[in-house]
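The values are calculated or read from the model by the stated rules, or taken from the named source; none is laboratory data. Everything quoted here is computed from the prediction, not taken from an experiment. Methodologically, a virtual Cβ is constructed for each residue, glycine included, from the backbone with ideal geometry; neighbour enumeration extends over all protein chains shown. Note: accessible area is taken over every heavy atom of the protein model, side chains too, but ligands, DNA and RNA are not part of it. Shrake-Rupley method; radii C 1.70, N 1.55, O 1.52, S 1.80 Å.
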Amino acid sequence: MVLCQGGEGDAAPAAGGTEPEVPPGREDGAGAVQPCLCPAPGVEAAGAEERRACGCFSGMSWPCCCEAPGTKKKAACPGLGLFYTILSAFLFSVASLFLKKIEDVHSVEVSAFRCVFQMAFVLPGLIYYKTGFLGPKGKRIFLFFRGFLGSTAMVLLYYAYQVMPLADATVITFTSPVFTSLLAWIFLKEKYSLWDLLFTLFAITGVILIARPPFLFGSRVSGIEGSYSDHLKGTIAAITSTLSAASTIVILRKVGKSVHYFLSIWYYAVIGLIGCVIALFVLNEWRLPHCGRDRVFLILIGLLGLGGQVFLTKALQIEKAGPVSIMKTMDVVFAFILQVLFLNHLPTWWTVGGALCVVASSSGTAIRKWRHSVRKAKQREI
């Protein structure tokens, strides 16, 4: 046996910018050079038996491969990513409930507080990763529109939460995957099949059942929170918010992995804060809440929204996007439960039917995208 050292390929990150999985016994760091015992010439046959014993497909015999035969692997916790998704959905839903409970704060001001929390969270990350504050020159226009559309989606969604039932606004936001597929087909030339068209029609049907326009449902519309004009304004705001959110996803796909995700969130927070401050001065709505309870709710909305983002990001890091998208429909379930328990507002059968249509369309879209990505991954392996 002779002593050898690992080559540069051991330290190189995997394609696509993701870090390779560190096998047991090599936690010293990606760049660490570790000695290993290589077989002397003439013992390759024995090495083949050892490779079969340990299940390593690296092409090296056991002393140079990932682990010794019989060593217990560090098993990942099954379902952890889906648990993070459910936790994220719960935190977002509770934040929406607190938003409904705030009495004297405009939705734009709530959005401004949310942007401040995002900036406080992202700023240390930008400094640590040394990404700068502007980003690559060729990507700044995309980052600007990502920040503008993303913050617009947040403001409109908060307005919809305030003027219409919590469950109705939450259900409408779940049409985002369907509209993302449509916009990606238009601007990125991605494939748009008959199934995608069917899911789009399902989503539109669900929104119509929730909005219940008088020319289809008559002048007397029941089960609406407040006046119908506010309900209609909230529906339009929620749909516009969904389209803006879908546009930001298309922009992020266009940018790809050339921009750090912290920089993307930074643009979102900074542009959103600037836009909210300007809007508040124009609307003359800038004021601190008089009630101490509302101030606590504002802080909790920022913290819960940030926690929801963190757990959703962690879920996508350890679980495939398809299952996460499907499990995220728990947002709708939590919204219905919280609305009944804390707002004493029973959803109508129209809302339930609309929710089923929207959840079916978004889940179908997520499943199709997931299967397509799995099929492409298998083709690359072949």
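Using the Cβ atoms and a cut-off under 11 Å, what net charge is assigned to the surroundings of Tyr268, where Lys and Arg are +1 and Asp and Glu are -1?
On the way: positive: Arg114, Arg146; negative: none.
Within the 11 Å Cβ shell, the charges total +2.
Considering only protein heavy atoms and a 1.4 Å probe, what is the carbon-and-sulfur percentage of the accessible area of segment 80-379? Don't skip to the end; give the middle numbers.
Details: 10590 of 15050 Å².
For segment 80-379, the apolar C and S fraction of the accessible surface comes to 70 percent.
Just to confirm a number: summing +1 for Lys and Arg and -1 for Asp and Glu over residues other than Ala237 whose beta-carbon lies under 12 angstrom from that of Ala237, what do you get? Before the final figure, lay out the partial values.
Values: positive: Lys233; negative: Asp168, Asp230.
Charge balance in the 12 Å sphere: -1.
From the residues Phe187, Thr242, Pro214, which one has its Cα farthest along the dipole of segment 134-265 in the positive direction, the dipole being from +1 and -1 charges on Cβ of Lys/Arg and Asp/Glu about the Cα centre?
Of Phe187, Thr242, Pro214, it is Phe187.
Contact order normalised by length for segment 80-379, with contacts defined as Cα pairs under 8 Å and 6 or more residues apart; what percent is it?
42 percent
Which order do peptides 285-297, 359-371 fall in by mean Cβ count within 10 Å, highest first?
In decreasing order of mean packing, 285-297, 359-371 become 359-371, 285-297.
With +1 on the Cβ of every Lys and Arg and -1 on the Cβ of every Asp and Glu, and nothing else charged, how large is the dipole of segment 80-379 about its Cα centre, in debye rounded to the nearest 20?
It works out to roughly 1380 debye.
What net charge do the residues around Gly308 carry, taking every other residue with its C-beta under 14 Å from that of Gly308, with Lys and Arg at +1 and Asp and Glu at -1? Please report the intermediate quantities before stating the final value.
Values: positive: Arg114, Lys314, Lys328; negative: Asp331.
Net local charge, Gly308 excluded: +2.
Suppose all protein chains stay in the model; what accessible area per residue would a 1.4 Å probe give for segment 80-379, in Å²? List each step's numbers first, then the result.
Numbers: 15050 Å² over 300 residues.
Dividing the accessible area of segment 80-379 by its residue count gives 50 Å².
At what distance in angstrom do the alpha carbon centres of segment 152-191 and segment 297-375 lie from each other?
12 Å
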